[in-house]
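The values are calculated or read from the model by the stated rules, or taken from the named source; none is laboratory data. Just so it is clear, the structure is predicted and the values come from calculations on it, not from any experiment. A quick note on method: Cβ atoms are made from the backbone with ideal geometry, for glycine too, and the neighbour counts reach across all protein chains shown.
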Amino acid sequence: MPTVVASDKLYSNSVNPQWVRLLDVLQMNVHFAHCEGAELFQSDGKRVLDFLSGYCVHNTGHNHPDIIAALHEELDRNGPVMLQSCVPELAGELASRLCAGAGGRLTKAHFTSSGSEGVEAAIKFARACTGRAGLLFADGAFHGLTCGALSLMGNEFWREGFGPFLPEARQIPFGDLESLDAELSTRKCAAFFLEAIQGEGGIRVPDGQYLEQAQALCRKYGSLFILDEVQTGLYRTGRFLAAQHFGLDPDMVILAKALSGGLVPVGAVLMTDDIYNSVYSSLHRAIIHTSTYSESTLAMRAGVATLDVLESERLGARALALGENLRQQLRETLAGYEMVKEVRGLGLFCGVEFQAPRHWTLRAPYETFKRIHPGMFGQMLVMNLFREKGILTQICGNNFQVLKVAPPLVVTEAQVDEFVRKLDEVVESVHASTTFWTEALGLARRMVNI
Ligand SMILES: Cc1ncc(COP(=O)(O)O)c(C=O)c1O
């Protein structure tokens, strides 16, 4: 059983006891003393390889020394951190670099402190610009858990108990141009929100034609084409934006997560001048949409330092090359297993999809666990990888059959090889030994009894 330490007790008492219980049940409640690059070191000295990156936060690796040095420097100079009554020093520099990275018509940035806040801002900007209320989103989408962002997600698990949501938000199938056309043709839609590659939906990579035509339909009907690149942005897929793989020219792009270097919350919504000016349209409206900490000097400094590292270490090229290598190795190594359906992704944004086994000896326990909880099999994989192999991953939040594989972009070739070898060992044990399934049953009992 995990050691119950004082901080867990305090956290349980005054924050979220269910989170502590869940980590305990999964036997993943460990304490980390030190994190560096793609490695996490537990307080008992055990090393864990991070193939989750805090859901694509740690593109530059944990605690990158250059970003830490930049933040130290900022703190040491006792500068104007949060005056709210002057032009923030670094926001212009960060904005112009982000817009240059995005290219196309994106020439303005609005800063936020999270991805959800970026989605909220994009909803307001889209409505202000088009004078329309309607909002479209795809099934399987994950856009964040604040009320506006949650209105753009169809999964009942996240929504239950929190409604009513924005009544003008409508879900359409991912990849379906006919439904998109039908909704857009009402000319009531302000925008279509889309992840260029769906993350929590299961690392779903659409074909480029779908994306191009979705963009064209938005243009045709006067709706904005908004890409949520909160997970895929900042070189995760090899390019600054995933959109650039597909030659897209979106009206707005939402970034967050990796922009902070994992150290200070910061997000950004990039957009055209026209959209921006439709909100800040007069002197009277100069502060019509703001958020207290969004342009804080520490956040901006973290963003600039993070871009410096991403560029100077050429982490985009690295993500492309290592991602190809990772997928190729995974495809070769996992090819013989009947429960492995597909390995897919772009750059270091990968998914391994599992499927129900055909063979009855595996099918019986698999179906039993699925009945207890649809995510049970995936969670067992995650738990096994963590506890037995020292690898941190997760299953996708809206698709429990897909193991998300997204290491920091500074991951080494040797670490990629190690991951492939260890995943192979776990998948082997799923197919060949009863231990995996016996343990799964134990987990199921613990979850039911808790
Ligand atoms: C694609 C996407 N959009 C938005 C969000 C929300 O970001 P945040 O948790 O920073 O509010 C997430 C979070 O995982 C995400 O994956």
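Here are the numbers for the structure shown:
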{"quantity": "Candidates R127, R105, R97 - the one that is outside any loop (DSSP other than H, G, I, E, B), closer than 30 Å to T297 by Cβ and among the basic types (K, R)", "calculated": "R97"}
{"quantity": "Enumeration of residues in region 407-439 that are without any contact (Cβ under 8 Å) to a residue 24 or more places away in the chain and either in contact with a Gly (Cβ under 7 Å, 6 or more places away or on another chain) or of a type in the set (A, V, I, L, M) (or both)", "calculated": "A414, A432"}
{"quantity": "First in region 388-406 and within 18 Å of A440 (Cα to Cα) and polar (S, T, N, Q), second anywhere and assigned to a strand (DSSP E or B) and away from the ligand (no atom under 15 Å from the Cβ), Cβ under 6 Å, 6 or more apart", "calculated": "T393/L403; Q401/E353; Q401/F354"}
{"quantity": "Among residues of region 98-128, those that are surrounded by fewer than 22 Cβ atoms within 10 Å (Cβ to Cβ), among the hydrophobic types (A, V, I, L, M, F, W, C) and in contact with a helix residue (DSSP H, G or I) (Cβ under 7 Å, 6 or more places away or on another chain), counted", "calculated": "1"}
{"quantity": "Residue ID - nearest to the ligand (Cβ to nearest atom), chosen from residues in region 253-271 that are in contact with a Cys (Cβ under 9 Å, 6 or more places away or on another chain) and closer than 11 Å to K108 by Cβ", "calculated": "L270"}
{"quantity": "Residues within region 307-336 that are acidic (D, E) and within 15 Å of G37 (Cα to Cα), tallied", "calculated": "1"}
{"quantity": "Answer from R127, R170 - the residue that is among the charged types (D, E, K, R) and either without any contact (Cβ under 8 Å) to a residue 60 or more places away in the chain or within 14 Å of A268 (Cα to Cα) (or both)", "calculated": "R170"}
{"quantity": "Counted residues, region 172-215 - those being more than 16 Å from the ligand (Cβ to nearest atom), among the hydrophobic types (A, V, I, L, M, F, W, C) and within 29 Å of A258 (Cα to Cα)", "calculated": "3"}
{"quantity": "Lone unmet requirement of (1) more than 21 Å from L145 (Cα to Cα); (2) away from the ligand (no atom under 16 Å from the Cβ) for P250", "calculated": "(2)"}
{"quantity": "Residue list for region 1-17, filter: within 21 Å of V382 (Cβ to Cβ) and in contact with a helix residue (DSSP H, G or I) (Cβ under 9 Å, 6 or more places away or on another chain)", "calculated": "M1, P2, D8"}
{"quantity": "Those helices (runs of 4 or more DSSP H) lying entirely in region 1-89 with at least 2 residues under 27 Å from E200 (Cβ atoms) and within 24 Å of the chain's Cα centre (by Cα)", "calculated": "17-25, 53-56"}
{"quantity": "Residues within region 135-144 that are buried (at least 22 other Cβ atoms within 10 Å of the Cβ) and farther than 12 Å from D228 by Cβ, tallied", "calculated": "3"}
{"quantity": "Residue within region 169-185 that is closer than 25 Å to E324 by Cβ, in contact with a Leu (Cβ under 9 Å, 6 or more places away or on another chain), modelled with pLDDT of 95 or more and buried (at least 22 other Cβ atoms within 10 Å of the Cβ) present", "calculated": "no"}
